[in-house]
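Okay, so here's the structure we're looking at.
The values are calculated or read from the model by the stated rules, or taken from the named source; none is laboratory data. The shown structure was predicted, so the numbers you read here are calculated from the model rather than taken from an experiment. Cβ coordinates were reconstructed from backbone atoms using ideal geometry, including for glycine residues, and neighbour counts include every protein chain displayed.
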Amino acid sequence: MFNYDSTKTEYKSPFGAIKRGDEVIFRAQADTQVLIEYRLDADDVPTILPMQYENGDFYRIKIAFEQSGLYFYRFILKYDNKQIPTGVCDGYGEEGICYPYWQLTVYDEDFTTPNWAKGGLMYQIFPDRFRRSMNYTPGKTVNKRHIHDNWYEAPEFIYDTPDYKADDFFGGNIQGVMEKLSYLKELGVTMIYFNPIFESPENHRYSTGNYRMVDPYFGTNEEFESLTKLCHDIGIKVILDGVFSHTGADSIYFNKFGHYDSVGAYNSKKSPYYHWYSFNKKGYDCWWGFDNLPNVNETAPDYLEYITGKDTGVLNFWQAKGVDGWRLDVADELPDLFIDKLRESVKSYDKDAFIIGEVWEDATNKFSYGERRRYLIGKQLDSVMNYPWRTAIINFVKTGDDRSFVREIMSITENYPPQVLDCLMNSLSTHDTPRIINELGVQRNVKPEDYASYTLTTEEYVRGRYLFMLGAFLQFTLPGIPCIYYGDEVGLTGFKDPYCRMCFPYGREDVTLLDFFRALSYVRADNKEEFIGGIEFINTHHGFLQYKRNNTIFTLSIYGELPHTENKILFSNGYSRIELMNNE
């Protein structure tokens, strides 16, 4: 007999990640002597300690963890002269005995994350596709581009455009964003995350041409500074996409096509940027084989200084213009040294600046660059894009499998430091995924070459919207920050990139869906403290979830009616409900 559940405080207290120096009480139930084995990551020499018998077949030990990092532990059952290890079963050793370990995250005792982000609501804008001002006049560019006349048509792609270069633009601009700030404020938005805004010949702008200049099709540096001021005046923070693992081939730094009045790395070994890049007999190292995206050596001293230099670096340059935080593109491809320096730079300029990393897996145990990453221990990121929960939500609303859902939610809740959990970026759609209504509503196989012309049937849209509303309820009520990808709130559809980047459907909005999002955001805004902190699942069964956060109960039922309640109802729409507990 052996019983242990790391998610329950009767077995492990305190719950979840702990700060360095804290003590943890472990209790395990067994019919024989129990030892505990733990190590700091996989390569550390294990420590094995006997646990003391308590009562009721429980064994107990208190351990203080004095070093930050990722610990792994398991228990050893001692039967006569035989010691049998046990652990979380995702693989088996000999004779069906489990050998894997539980995880314990230990973070720096001074690790803090921005309080202003907690309990907030994020809105993600793909700059070229959100809003084109009626007074729009694009600035001059050094490279060839063209603008669609029809705001509502599909973007170009390889299926309809020979020699596709992503150089078709729709003209979304800074003035357009300014015109819609009142809409975002009324929606309850407290922070805007912009996909890249810097000069680039491509509409996605992940091929940076100049880190210190807003793309001329989007606006000017001066207009951007005016935008951040307007945002701050109405209580909205601004977060920029930082693309630092590569630049564009068509840039002042590389200048492959000679469009810039600079000596680029491609032009000469004497270029001041030459040592940023890696050249070989076949050409140069580029991001995932795309020759328009030459990789940079992020730890090259002059590149580090250019990006992270105090006051003079790119990060501080934009912070001086009102930027409140950064989302780091492909954070798992950025070396630790670079992220360390980035945090030092960003936080030295503004200790409350927000740093979010693009990590698609559990960021506490991510392995890349041949080593364990330490994103969330205290000296790197504040938060990450929470893709694991996106997957969990989608699977739940499709299948009603509550056991898998709870397991996935509790895994991240247990592994992440609580100050990270409070500001996780929770998205259902992003610029890198299909639109959520397509993901949930379309059940047939659609050929990629038909993505641009495909229109959802009424049945597909209704199904997708219904499941989306279920998912959005979870997105808005789980720990972290819900992030609305522009247009999701009004029913914008589309398959994967580039069709998930269609223009905002002005004049074609799904008002019912918009009202639903407004209602959820109002409840969050009026009860902000209730949405900060952990989560406790009260009752779950097939298609039904009930969980508690602080003094609030959240209930969602996919298939059946909601149970009666005597509590104060803050939100209800027939299949989901938010209620304040009646403590009288």
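With respect to the conditions (1) free of Cβ contacts under 8 Å to residues at least 60 places away in the same chain; (2) buried (at least 16 other Cβ atoms within 10 Å of the Cβ); (3) of a type in the set (A, V, I, L, M), Val462 falls short on a single one, namely (2).
If the condition is being surrounded by fewer than 23 Cβ atoms within 10 Å (Cβ to Cβ) and either of a type outside the set (Ser, Thr, Tyr) or assigned to a loop (DSSP other than H, G, I, E, B) (or both), then segment 379-388 contributes Lys379, Gln380, Pro388.
Screening Ala28 on (1) in a loop (DSSP other than H, G, I, E, B); (2) touching a Lys or Arg at 6+ places or on another chain (Cβ under 9 Å); (3) closer than 20 Å to Thr86 by Cβ shows it passes everything except condition (1). Touching a Cys at 6+ places or on another chain (Cβ under 7 Å) and touching a residue at least 24 places away in the same chain (Cβ under 8 Å): does that describe Arg145? In short, no.
Only residues that are within 20 Å of Leu424 (Cα to Cα) and part of a loop (DSSP other than H, G, I, E, B) were counted across segment 100-125, and they come to 11. Counted as qualifying within segment 481-565 are the strands (runs of 3 or more DSSP E) with 1 or more residues that are touching a helix residue (DSSP H, G or I) at 6+ places or on another chain (Cβ under 9 Å), surrounded by 21 or more Cβ atoms within 10 Å (Cβ to Cβ) and in contact (Cβ under 8 Å) with a residue 40 or more places away in the chain, namely 481-485, 544-549, 552-557. The condition of being in a helix (DSSP H, G or I) and among the basic types (Lys, Arg) holds for Arg463. Restricting segment 343-357 to residues that are touching a Phe, Trp or Tyr at 6+ places or on another chain (Cβ under 8 Å) and either without any contact (Cβ under 8 Å) to a residue 40 or more places away in the chain or among the acidic types (Asp, Glu) (or both) leaves a set whose member that is nearest to Asp432 (Cα to Cα) is Gly357. When the test is whether a residue is within 22 Å of Ala331 (Cα to Cα) and either assigned to a helix (DSSP H, G or I) or at pLDDT below 95 (or both), Thr364 does not pass it. Can you pull out the residues in segment 181-223 that are assigned to a strand (DSSP E or B) and more than 19 Å from Val314 (Cβ to Cβ)? Within segment 181-223, Met191, Ile192 meet the criteria. All told, Ser404 falls short of being surrounded by fewer than 18 Cβ atoms within 10 Å (Cβ to Cβ), free of Cβ contacts under 8 Å to residues at least 40 places away in the same chain and more than 30 Å from Ser576 (Cα to Cα).
Return yes or no: is Asp250 assigned to a loop (DSSP other than H, G, I, E, B), of a type in the set (D, E, K, R), over 25 Å from the mean Cα position of the chain (by Cα) and surrounded by 23 or more Cβ atoms within 10 Å (Cβ to Cβ)? Here the answer is yes, as Asp250 does meet what is asked. Scanning segment 40-72 for residues that are assigned to a strand (DSSP E or B), without any contact (Cβ under 8 Å) to a residue 40 or more places away in the chain and surrounded by 14 or more Cβ atoms within 10 Å (Cβ to Cβ) gives Leu40, Phe58, Tyr59, Arg60, Ile61, Tyr71, Phe72. Condition (residue is touching a residue at least 12 places away in the same chain (Cβ under 8 Å), in contact with a strand residue (DSSP E or B) (Cβ under 7 Å, 6 or more places away or on another chain) and either more than 28 Å from Ser453 (Cβ to Cβ) or of a type in the set (D, E, K, R) (or both)) applied to segment 150-157: is it met by at least one residue? Yes, the conditions are met somewhere in segment 150-157.
A residue that is surrounded by 23 or more Cβ atoms within 10 Å (Cβ to Cβ), within 29 Å of Leu337 (Cβ to Cβ) and touching a Lys or Arg at 6+ places or on another chain (Cβ under 9 Å) occurs nowhere in segment 216-228.
For Glu199, the criteria (1) in contact (Cβ under 8 Å) with a residue 60 or more places away in the chain; (2) crowded, with 22+ Cβ neighbours inside 10 Å; (3) touching a strand residue (DSSP E or B) at 6+ places or on another chain (Cβ under 9 Å) hold in every case but one, which is (1).
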